Ligand code: BJW
Ligand code: ZN
């Protein structure tokens, strides 16, 4: 039964290791807009028009305005029941072994950190880090709103958000950890992602091919549904607590 919560609950208890891949949908119930959802578009820009090195080169101020808006909203947001369920899942699995649970997230909002997950791999960076386009320095920056748009480094060069844009490689260490965990997963959960952005979405396919059972948690269909062992249709803030 593809929609059986009790069956997946039991499989989660019995299986080691477990990997969860999350996307913007897990933060939707915290009030953070998704990228491709109904109210995810800022001033009608699709993410492909803002989250690129080309957009930043052309208009850094515009791109920083988008990030400033998101940072302001996210700072006010709180982790929701879905985030908290993943903390509890990590706690329970870690009692079965140090590497029994890995959280792989595409999100840059930091809500998994604030909820309390520890073994987390951030594939697309972190909205609260900035990186200098001149000297390469990376630092944490939590100023909201930013005093100066676009912000500059002490060395005088432009700062950019510490995130991964389209056409850029993922951080190699994060990618290696995620790929290794996925290849050995027995259960692979795909939560709140449209699963259209690669290479992140490919982790689910690779885990499936390496023998993991695949579970999708999403109110909408995704391209991964046909290969999934479980498809639980609903908000993650409702479904995830029921899995524990
Ligand atoms: C709920 C819910 C609730 C709602 N509960 N769920 C053609 C084919 C294949 C690949 C490519 C291609 N052309 C180009 C590419 C590559 C490209 C790509 O994948 N493009 C596709 C879009 C076509 N990928 C890249 O460029 C990546 N890099 C790369 O490939 O490098 C290669 C390289 C190697 C060596 C040298 C150089 C290059 C990089 C991708 C980076 C993505 N970056 C972003 C921005 C991050 C920073 C920021 O946040 O500003 O990452 S884009 C954006 O999309 C963000 C997200 O992490 C990512 C995924 O989105 P996500 O999380 O899935 O969100 P949504 O909005 O799409 O979906 C939300 C879901 O939630 C929906 O399903 C809802 O139903 C659901 N939901 N409420 C649970 N309550
Ligand atoms: Zn600098």
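The values are calculated or read from the model by the stated rules, or taken from the named source; none is laboratory data. What you see is a predicted model, and the numbers here were worked out from it, not measured in a lab. FYI the Cβ positions are ideal-geometry reconstructions off the backbone, even for glycines, and counts take in every protein chain you see.
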Kindly indicate whether residue 163 is away from ligand 2 (no atom under 16 Å from the Cβ), surrounded by 13 or more Cβ atoms within 10 Å (Cβ to Cβ), within 20 Å of residue 200 (Cα to Cα) and touching a residue at least 60 places away in the same chain (Cβ under 8 Å).
yes
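Condition check ((1) within 16 Å of ligand 2 (Cβ to nearest atom); (2) surrounded by fewer than 18 Cβ atoms within 10 Å (Cβ to Cβ); (3) touching a residue at least 12 places away in the same chain (Cβ under 8 Å)) across all residues:
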{"position": "152", "(1), (2), (3)": "yes, yes, no"}
{"position": "159", "(1), (2), (3)": "yes, no, yes"}
{"position": "167", "(1), (2), (3)": "no, yes, yes"}
{"position": "189", "(1), (2), (3)": "no, no, yes"}
{"position": "198", "(1), (2), (3)": "no, yes, no"}
{"position": "202", "(1), (2), (3)": "no, yes, no"}
{"position": "218", "(1), (2), (3)": "no, no, yes"}
{"position": "224", "(1), (2), (3)": "no, no, yes"}
{"position": "231", "(1), (2), (3)": "no, no, yes"}
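Among the helices (runs of 4 or more DSSP H) confined wholly to segment 1-69, which include 3 or more residues that are free of Cβ contacts under 8 Å to residues at least 24 places away in the same chain, away from ligand 2 (no atom under 16 Å from the Cβ) and in the same structural domain as residue 113 (by TED's automatic domain parsing)? Steps first, answer last, please.
Numbers: elements: 5-14, 47-50, 53-58.
Result: 5-14.
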Please go through segment 153-191 and give me each residue that is in a loop (DSSP other than H, G, I, E, B), more than 17 Å from residue 129 (Cβ to Cβ) and within 11 Å of ligand 1 (Cβ to nearest atom), ordered by number.
166, 167
Condition check: closer than 14 Å to residue 20 by Cβ, more than 10 Å from ligand 1 (Cβ to nearest atom), outside any helix (DSSP H, G or I) and out of contact with any strand residue (DSSP E or B) (no Cβ under 9 Å at 6 or more places or on another chain). Does residue 214 satisfy that?
no
